[in-house]
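Notes for the one structure printed next.
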Amino acid sequence: MPGTPHHPPELPPIPAKRYFTIGEVSELCAVKPHVLRYWEQEFTQLKPLKRRGNRRYYQHHEVLLIRRIRGLLYDQGFTINGARSQLEDMAAVVEKTAPPSIDKPSVIAPPPGASTDRVKLRDELSEILAILKKVR
């Protein structure tokens, strides 16, 4: 049954754009705008650009991070503190396994024969690590 914890709803693909409004991110991640604003307070890694009138503009890596946070909270049942801890643990794992000479996560080529799920997860974790490094 779609939408249950065992079968999370299918999220739409993220368009190839540089910036997304809070309304667009809300639709892409199936999370209401007020929840996104709350998560900004709880997850220091979420730092959308703010322009005139305090309008928020999210980048692609932040949309991925929001989807990851959503999955931890809604699909896997973590609390805010638990999700925060999971993100830190994931960042530590990625930091340990990522080659130190590569700055951009998108440059890392998948190993031959790697499954697309593993590659996608590694790419998402690499992007989250890049966000966490910016926060420090």
Completion exercise
Projected convex hull area of region 53-100, Cα atoms, direction-averaged, in nm², equals 4.8 nm²
Handout entry: Burial ranking of peptide ranges 31-37, 64-70, 19-25, 75-81 (average Cβ count within 10 Å, highest at the top)
Key = 64-70, 19-25, 31-37, 75-81
Exercise for the section: Report ³J(HN,Hα) in whole Hz for each residue of region 65-76, in order, from the Karplus equation J = 6.51 cos²θ - 1.76 cosθ + 1.60 where θ = phi - 60°; Gly and Pro get x. Expected result: 5, 4, 4, 5, 4, 4, x, 5, 6, 8, 8, 9
Problem - Carbon and sulfur %, accessible surface of region 48-97 computed with the full protein complex present, 1.4 Å - result: 44 percent
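The values are calculated or read from the model by the stated rules, or taken from the named source; none is laboratory data. The shown structure was predicted, so the numbers you read here are calculated from the model rather than taken from an experiment. For neighbour counting, all protein chains shown are included, and Cβ atoms are generated from backbone atoms with ideal geometry for every residue, glycine included. Please note that ligands, DNA and RNA were not included when accessible areas were found on the heavy atoms of the full protein model with its side chains. Shrake-Rupley method; radii C 1.70, N 1.55, O 1.52, S 1.80 Å.
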